[in-house]
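For reference, the structure is listed below as structure tokens.
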Amino acid sequence: MRVGVLASGAGTNLQAILDRVHGHAAEVVAVGADRADAQALERAAVAGVPTAVFALDDHGGDRDARDAAMGDWLAARGPRLVVLAGYMQLLTPGFLARFPERVINVHPALLPAFPGVRAIEQAVDYGVKVFGVTVHFVDEGVDSGRIILQRALELPAATDPAEVHAALRPLEHELLCKAIELIARGAVRPDPGHPRRILVAE
């Protein structure tokens, strides 16, 4: 299965995909970023994967124009799945329409709790004792698409968002790679009885 990846920062989720999935269950054929200094681009280059930068400023601040260019570039490489691996931009409806039910995201919270940015900070401020990770399909809402996989992690004394994120990162890597493998096998399908849930055949 051909996979395109979008990232914004250090690219640890991308690295997990390259290490665990690339060349096996799937082939990463493109890595795009919204920042030229994203370390994810370096990780992709080392793996021999084509890269490109789609900065909003390069498109006059027009999100639709940026996403149209990014969609053209991805589509030319024929991905069956687009993976948001720490991509910190909202995708436009036009972009999502080009890849229907083919875009997934990893989120550092147990959705539907704490959607959007600063999810871990939100959870710490709220005083929760159980954190978690969700992999979900992306729709036009904010972290509101169908949930593919989730896992919780008890951190009853957590007060530092950075420490929480460090604890959650291995779960992000594991669940994101597992979701890609499941989709590659055709082992996920919508749950007709629940609007936000995906049925998984292990």
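Summary table
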quantity: Leading residue by the ranking (farthest from residue 43 (Cα to Cα)) among those in region 2-16 that are assigned to a strand (DSSP E or B) and over 11 Å from the mean Cα position of the chain (by Cα); calculated: 2
quantity: Residue among 167, 152, 162 that alone is without any contact (Cβ under 8 Å) to a residue 24 or more places away in the chain and out of contact with any helix residue (DSSP H, G or I) (no Cβ under 7 Å at 6 or more places or on another chain); calculated: 162
quantity: Scan of region 94-138 for residues that are surrounded by fewer than 18 Cβ atoms within 10 Å (Cβ to Cβ) and outside any helix (DSSP H, G or I), ordered by number; calculated: 100, 101, 102, 112, 113, 115, 116, 117, 118, 127, 129, 130
quantity: Criterion: outside the structural domain of residue 13 (by TED's automatic domain parsing), of a type in the set (A, V, I, L, M, F, W, C), free of Cβ contacts under 8 Å to residues at least 40 places away in the same chain and out of contact with any strand residue (DSSP E or B) (no Cβ under 7 Å at 6 or more places or on another chain) - qualifying residue of 113, 76, 119, 109; calculated: 113
quantity: Residue 176 vs. criteria under 13 Å from the mean Cα position of the chain (by Cα) and closer than 22 Å to residue 10 by Cβ; calculated: yes
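The values are calculated or read from the model by the stated rules, or taken from the named source; none is laboratory data. Since this is a predicted model, take the numbers as computed values, not measurements. With ideal geometry, Cβ positions are generated from the backbone for all residues, glycine too; neighbour counts draw on all protein chains shown.
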